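The values are calculated or read from the model by the stated rules, or taken from the named source; none is laboratory data. These figures come from a predicted structure and were not determined experimentally. Heads up, the Cβs are rebuilt from the backbone with ideal geometry, glycines too, and the neighbour counts pull from every protein chain shown.
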Amino acid sequence: MDRMEIEEIAEKYKNFYAPNYQILVGDDDILKKHFIEITNVTFEDTLEGADRFSLSINDPGVKWLDSELFGPGKEVEIKMGYVDELATMIVGEIISLRPNFPTNGTPQLEISGYDLSHQFTRVRKQRPFENVRDSEIVASISSEAKHKLKTQIEQTETVHPHVVQDGQADYDFIKGLADRNFFEFFVKERTLYFQKPKKDESEIVTLKYGVSLLSFNPELNTANQVSEVTVMGWNPKTREEIVGRAQRGSEEAREGGRSSGGDMVENQYGVVEERILDRPVFTQQEADILAHSILNRLSEGLVKGGAECIGIPEIRAGKNIKLEGLGNKFSRKYYIERTTHTISNAGYSTTFNIKENTI
């Protein structure tokens, strides 16, 4: 989405007045059709696993616990926003029902589940893929999905002569393919994404501490930073050693004029190398891509932090956000890796976690 000023978002959402949500189970709007008393709706999205939703309802007489309405496997769509301006946050399926029978008060029922990527976690498979790109493997697996999905799959570079899914669930297998290419894999609504991080895109909004940013708790940590990654492999045909390298300065989407973790540790200790000996690579291209992927994964752990603001549906994992009023070091654009959106009697709030590879 295009960058929006906080004033534009406030206008869009009626100055953040009257938080609202819609919950569809199957084709039913459960608020309109069943008049269920919902006390809390939560949505969590992340770049490192399936997105999750939960809703808590008052359930006098355990009517809804015994109903078929919330049966495991039922498809759920949750929208959040203000008044009549609502954004779809998740399309998923119910996985868990957890009733609570308190000593005093009304029984409650918590219904929770995951996005449609959860279907890829259910069955472990053993199968080979010959002479294919990782992106082609992902497209093939996606076509087998029970819940049919659209795809946005970017092409990976290397054609692999032989890839084996060795008793892994599809989800873990695809995640491994994503990791070795420094790609992201996730499902949003009814679309599967397999792509490079969008760190070069504009921020979705700018939040200022003391105005629109309620809190921010960052950490600068160089403990796991390296200045060079070396991947060592072996070409089984030529019996020659393969060495892939990635060095500081080549981190993706690093902000100019700032220092990476690799810069910092090399200035302190000299070359700090991460050497990879246990990952099979068969070509120079494959070794170089893996080395750069590992360097990027490590480097983005340099700056991490958590923040809170008023509920804004546009703040989502995989988007960029700009934070101001935090001094020279921490006033900048960040990449969002996790968010939690909650609507309850206390209103609508958003918390989010960020990561960056320079300071």
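Structure notes:
- The number of residues in segment 155-167 being in contact with a Phe, Trp or Tyr (Cβ under 8 Å, 6 or more places away or on another chain), buried (at least 16 other Cβ atoms within 10 Å of the Cβ) and more than 29 Å from I95 (Cβ to Cβ) comes to 3.
- Meeting the requirement of 2 or more residues that are closer than 16 Å to Q284 by Cβ and modelled with pLDDT of 95 or more, the strands (runs of 3 or more DSSP E) wholly within segment 201-272 are 228-234, 241-247.
- Matching residues, segment 104-154, being assigned to a loop (DSSP other than H, G, I, E, B) and either within 21 Å of the chain's Cα centre (by Cα) or buried (at least 18 other Cβ atoms within 10 Å of the Cβ) (or both): R122, A145, H147, K148, L149, E154
- Counted residues, segment 182-221 - those being acidic (D, E), over 16 Å from G305 (Cα atoms) and touching a residue at least 60 places away in the same chain (Cβ under 8 Å): 4
- Matching entry among E314, E324 (being under 19 Å from T88 (Cα atoms), out of contact with any Leu (no Cβ under 6 Å at 6 or more places or on another chain), of a type in the set (D, E) and modelled with pLDDT of 95 or more): E314
- Among the residues making up segment 235-250, those that are more than 30 Å from Q268 (Cα to Cα) and either touching a helix residue (DSSP H, G or I) at 6+ places or on another chain (Cβ under 9 Å) or touching a residue at least 40 places away in the same chain (Cβ under 8 Å) (or both) are N235, P236.
- Which numbered condition V281 misses (of (1) crowded, with 17+ Cβ neighbours inside 10 Å; (2) assigned to a strand (DSSP E or B)): (2)
- Count of segment 47-93 residues, restricted to those that are within 18 Å of A145 (Cβ to Cβ), surrounded by 13 or more Cβ atoms within 10 Å (Cβ to Cβ) and not basic (K, R), is 10.
- Residues of segment 222-250 that are among the charged types (D, E, K, R) and surrounded by fewer than 22 Cβ atoms within 10 Å (Cβ to Cβ): E228, K237, R239, E240, E241, R245.
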